[in-house]
Amino acid sequence: MTPNETVRIDDLPVRDELRGKSPYGAPQLDVPVQLNTNENPYPLPESLVARIAERVAEAARGLNRYPDRDAVELRTELARYLTRTGKHPVAVENVWAANGSNEVLQQLLQTFGGPGRTAIGFEPSYSMHALIARGTGTGWISGPRHEDFRLDVAAAEKAIAEHRPDVVFITSPNNPTGTAVAADAVLALYEAAQAARPSMVVVDEAYVEFSHRDSLLPLIEGRPNLVVSRTMSKAFGAAGLRLGYLAAHPAVVDAVQLVRLPYHLSAVTQATALAALEHTDTLLGYVEQLKGERDRLVTELRAIGFEVTDSDANFVQFGKFPDTHAAWQRILDRGVLVRDNGVPGWLRVTAGTPEENDAFLDAVRELMKEQER
Ligand SMILES: Cc1ncc(COP(=O)(O)O)c(C=O)c1O
C-alpha cells in the first residue's frame with residue numbers, strides 16, 4: 001500500500017480544471033468573537049429547539065422510508081413565507097428547495113450551464129458562484145463593477161452582449177460588498193441577457209431580509225428565465241440546517257428536477273426547516289435587531305475614520321488598509337475574527353451581538369491608533 005502522504009491530489013487523474021486548486025473555506029478559528037462567515041449570532045430560541053426535536057422525532061419514526069422526494073409540505077410553507085414577505089404571490093409550483101442555496105445554485109448550473117457553456121458574475125462577488133461554475137464544468141466570466149462596488153449597469157450590459165453567457169448571476173445584496181441592486185438594473189440586465197442568447201438570470205438574495213430595499217421576487221412574474229435564490233442560513237439563523245430554495249416559473253422547477261439527486265433533501269432536514277418556518281416571526285425579530293447593529297457598525301466605523309461601503313446585508317465592508325492581511329491579523333490578535341475576502345484594501349465584518357460588535361469596534365479603534373502612529 002502506498003503511504004498516505006506520498007499521494008497528492010494532482011497525482012490522481014482529476015479533471016484538468018481542478019489541478020492546483022484549493023477548496024473553498026473561511027478559516028474556522030477558535031477565537032472569542034467570530035464575525036467572519038455572515039452567520040446569525042443568535043442561537044435558535046429554546047421553544048424552537050423543542051419544536052425541532054418534536055418534528056424530528058416524528059420524522060425519525062418514518063426513516064425506514066425515503067423522504068418526500070418533492071418536499072411538497074416544505075415548499076408550500078416556503079411559498080407562504082415568500083408570499084407574505086416578498087410582496088408577490090408565490091405557489092408551491094414556483095418553489096424548489098435543496099441543501100443550502102449553494103446546492104440550489106449548483107443545480108441551476110447543472111441545468112443551464114455545464115461544458116461548452118458560460119456564466120458571468122460581477123466581481124467582487126460571492127466567490128462560490130465561480131467555484132460552482134468550475135465544479136459543473138461551466139466556463140466563468142468575471143464581469144466588472146464600479147470602483148465604489150455598485151453594479152455598473154452599462155458595463156455589465158456590455159459584458160453580457162460581448163460574452164453572451166448562458167447564466168448571469170446578480171447578487172443583491174452583494175457579498176462581500178453589502179451593496180444592493182435596484183429592480184430597474186436587474187431588468188436592464190435581464191433584457192440584455194435575453195437579447196444576447198437568451199440566458200438564465202439568477203438573482204442571489206441570500207441576504208435580502210437584511211436589506212433596506214424590497215425583494216426582487218416580483219420580477220419573476222412573466223419572466224421565465226429569471227430565478228430568485230434564497231437561504232435559511234442567514235435570516236432564519238439556521239446555517240447548520242443547510243436549507244436553500246428558489247422561486248421561479250414552474251418550468252424552472254421542473255427543469256432542475258432533471259439534475260437533482262433523488263431524495264436529496266432528508267426527512268430530518270425537511271422536518272427541521274418546517275419547524276423553523278413555524279417560528280418565522282420570532283426569527284425575523286432577530287433580523288430587525290441585526291439590521292440596527294449593522295447600521296451602528298457602519299456609523300461607528302465611519303466615525304473612527306474608516307471608509308465603509310453602504311450595506312444592505314448582515315455584514316459591512318470597511319477599509320482601506322495598505323496591508324489587508326496584516327490588518328486582518330492585528331484584529332485577530334485582539335480576539336476578533338473578520339474576513340479577508342481577497343478584495344485589496346478591504347475587510348468584511350459580520351454584524352454580531354451588541355457585545356461582539358463592541359469588541360470588534362474596540363479592536364479596530366486600537367488598530368486605527370496604531371496606523372496613525
Ligand atoms: C451571496 C451568497 N449566496 C449564497 C450563499 C450560500 O448560502 P447557503 O448555502 O448556506 O444557503 C452565501 C453564503 O455565505 C452567500 O453569501
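Before moving on, here are some points about what is shown:
- Criterion: modelled with pLDDT under 95, open to solvent by less than 40 Å² (accessible area, probe 1.4 Å), under 25 Å from Val253 (Cβ atoms) and in contact with a strand residue (DSSP E or B) (Cβ under 9 Å, 6 or more places away or on another chain) - qualifying residue of Gly86, Gly100: Gly86
- When Val298, Val343, Val364 are checked against the criterion of being surrounded by 14 or more Cβ atoms within 10 Å (Cβ to Cβ), closer than 19 Å to Asn40 by Cα, out of contact with any Phe, Trp or Tyr (no Cβ under 6 Å at 6 or more places or on another chain) and of a type in the set (A, V, I, L, M, F, W, C), Val298 stands alone in meeting it.
- As a summary of the residue check, Ala53 satisfies the conditions (1) modelled with pLDDT under 95; (2) part of a helix (DSSP H, G or I); (3) open to solvent by less than 70 Å² (accessible area, probe 1.4 Å); (4) not basic (Lys, Arg) except for the one numbered (1).
- Count of residues meeting criterion [touching a residue at least 60 places away in the same chain (Cβ under 8 Å) and out of contact with any helix residue (DSSP H, G or I) (no Cβ under 6 Å at 6 or more places or on another chain)] in segment 46-62: 6
- Reported count of residues in segment 224-273, each being more than 15 Å from the ligand (Cβ to nearest atom) and either open to solvent by less than 10 Å² (accessible area, probe 1.4 Å) or small (Gly, Ala, Ser) (or both), is 10.
- Single condition Ala156 does not satisfy, out of (1) open to solvent by 30 Å² or more (accessible area, probe 1.4 Å); (2) farther than 18 Å from Ser211 by Cβ: (1)
- Count of residues meeting criterion [under 15 Å from the mean Cα position of the chain (by Cα) and either away from the ligand (no atom under 16 Å from the Cβ) or of a type outside the set (Asp, Glu) (or both)] in segment 108-132: 12
- Of all the criteria given as (1) of a type outside the set (Asp, Glu); (2) surrounded by fewer than 16 Cβ atoms within 10 Å (Cβ to Cβ); (3) assigned by TED's automatic domain parsing to the domain that holds Arg75, the one not satisfied by Leu216 is (2).
- Cβ pairs under 8 Å, 6+ apart, first in segment 91-103 and in the same structural domain as Ala255 (by TED's automatic domain parsing) and away from the ligand (no atom under 11 Å from the Cβ), second hydroxyl-bearing (Ser, Thr, Tyr) and open to solvent by less than 40 Å² (accessible area, probe 1.4 Å): Val95/Tyr245; Trp96/Tyr245
- Ser199, sole failed condition from (1) surrounded by fewer than 23 Cβ atoms within 10 Å (Cβ to Cβ); (2) more than 20 Å from the chain's Cα centre (by Cα); (3) among the polar types (S, T, N, Q): (1)
- Residue in segment 196-212 that is touching a strand residue (DSSP E or B) at 6+ places or on another chain (Cβ under 6 Å), among the polar types (S, T, N, Q) and within 15 Å of the ligand (Cβ to nearest atom) present: no
- Segment 165-184, residues that are away from the ligand (no atom under 16 Å from the Cβ) and in contact with a strand residue (DSSP E or B) (Cβ under 8 Å, 6 or more places away or on another chain): Pro165, Asp166
- Residue ID - surrounded by the most Cβ atoms within 10 Å (Cβ to Cβ), chosen from residues in segment 5-27 that are in contact with a helix residue (DSSP H, G or I) (Cβ under 7 Å, 6 or more places away or on another chain) and not aromatic (Phe, Trp, Tyr): Glu17
The values are calculated or read from the model by the stated rules, or taken from the named source; none is laboratory data. These numbers were taken from a predicted model, which means no experiment stands behind them. So basically every Cβ, Gly included, is an ideal-geometry build from the backbone, and we count neighbours across all protein chains shown. The protein model used for the area step is the full one, side chains on, heavy atoms only, and it has no ligands, DNA or RNA in it. Shrake-Rupley method; radii C 1.70, N 1.55, O 1.52, S 1.80 Å.
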